[in-house]
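Taking it in order: structure first as structure tokens, then the write-up.
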Amino acid sequence: QVQLVESGGGSVQAGGSLRLSCATSALTFSGSLMGWFRQVPGKEREFVAGISRDGGFTRYGDTVKGRFTISRDNAKNTAYLQMNSLRPEDTAVYYCAAKIGGLVSILRSAYEYWGQGTQVTVSA
């Protein structure tokens, strides 16, 4: 069974930073594109960022460009989301996702595996 385990969420004031981590097995990680999504109650799950298997290609949602950075450490089987200049509207549950093969996608349906989510709360 594939497991993605997120960590690093929490509460921070506006303008602050957080770094999320997503760990999985070596077998899953080596063959997967990785993505981060977020969701607030009553809204659709929103694409935040994605990264190719070798880390050479990244893509970001418009609302986080220039503030968030996705990366991966293939030796540690872990993906990261560095979030800077956080805003209250970034408050959400953040989910890590893995997509087997293909290209980085902004579509939730393209990702086969999901983590349990981690809460990020940004206060004004």
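The values are calculated or read from the model by the stated rules, or taken from the named source; none is laboratory data. Given the structure is predicted, the values throughout are model-derived calculations rather than measurements. With ideal geometry, Cβ positions are generated from the backbone for all residues, glycine too; neighbour counts draw on all protein chains shown. Keep in mind that these areas ignore ligands, DNA and RNA; they rest on the heavy atoms of the full protein, side chains included. Shrake-Rupley method; radii C 1.70, N 1.55, O 1.52, S 1.80 Å.
Ranked by the mean number of other Cβ atoms within 10 Å per residue, highest first, peptides 5-18, 94-107 order as 94-107, 5-18.
The reciprocal of the average 1/r between distinct C-alpha atoms defines the Kirkwood hydrodynamic radius, which for segment 1-54 equals 13.2 Å. Near GLN39, once Lys and Arg are set to +1 and Asp and Glu to -1 for all other residues with Cβ below 11 Å from its Cβ, the sum equals +2. Kirkwood hydrodynamic radius computed over the chain comes to 14.2 Å, based on all pairs of distinct alpha carbons. Counting charges near LEU86 (Lys, Arg +1; Asp, Glu -1) among other residues having Cβ under 13 Å from its Cβ returns a value of +2. The lysines within cross-link reach of LYS43, meaning a Cα-to-Cα straight distance under 29 Å and a gap of 8 or more places when in the same chain, are LYS65, LYS99. With θ taken as phi - 60° and the Karplus curve 6.51 cos²θ - 1.76 cosθ + 1.60 applied, the whole-hertz 3J(HN,Hα) list for segment 48-56 is 10, 6, x, 9, 6, 4, 8, x, x Hz, x standing for glycine and proline.
Packing order of peptides 48-56, 60-68, highest average first: 48-56, 60-68 (average count of other Cβ atoms within 10 Å over each peptide's residues).
Ligands, DNA and RNA are left out, and with a 1.4 angstrom probe the accessible area of segment 40-119 is 53 Å² per residue. Per-atom-type breakdown for segment 11-69 gives carbon and sulfur 49% of the accessible area (1.4 Å probe, protein chains only).
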